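The block underneath contains the structure these notes are about, expressed in structure tokens.
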Amino acid sequence: MRSSARRAGALVGVVAMLASGCGRDEESYGERVTSVVQGHAAAIERHQATARSAAAEDPASAAAGLQALAGELEALADDVDALEVPPERAAAADRLIAAYRLLARAALELRTALLARDPAAA
């Protein structure tokens, strides 16, 4: 679980970098995306830490952390989706949003796997 959470956290930042561009409008869009990501970063890190630290000892807390992580990633995707996108960055923005939603689904899949291993955690 630790390496998956670490990869997810790194991917959140790396994927945001894909949205930045070269022109003034694109640079402005990249700055807005970075600001949105930074606004969610602390909560994402907190939920990852909860899930990671509780996985072995407290599966119910880990499951709750993964659920919260998925919700935060969905909120991040929604917030990035709400930004005005320069036409030349639309495809990259779509990939960015899809990547955040994929990370949210992965957190829910980890939660499902954890609950299957320990049904009492539900």
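Values quoted throughout were computed directly from the atomic coordinates according to the rules given, and no laboratory measurement underlies them. Please read these numbers as outputs of a predicted model, since none were measured by experiment. Virtual Cβ from ideal backbone geometry, glycine too; neighbours counted across all protein chains shown.
Which distance in nm do the two modelled labels at residue 28 and residue 67 give, with both placed 7 Å along the Cα-to-Cβ direction? It is 4.2 nm. Once the C-beta distance of residue 117 and residue 45 is scaled by a Förster radius of 30 Å, the resulting FRET efficiency is 0.75 to the nearest 0.05. Peptides 77-84, 64-71, 98-105 ranked from most to least packed give 64-71, 98-105, 77-84, packing being the mean of other C-beta atoms within 10 angstrom over each peptide's residues. Each semi-axis of the equivalent ellipsoid for region 53-116 is √(5λ) with λ an eigenvalue of the Cα gyration tensor; in descending order they amount to 30, 10, 7 Å.
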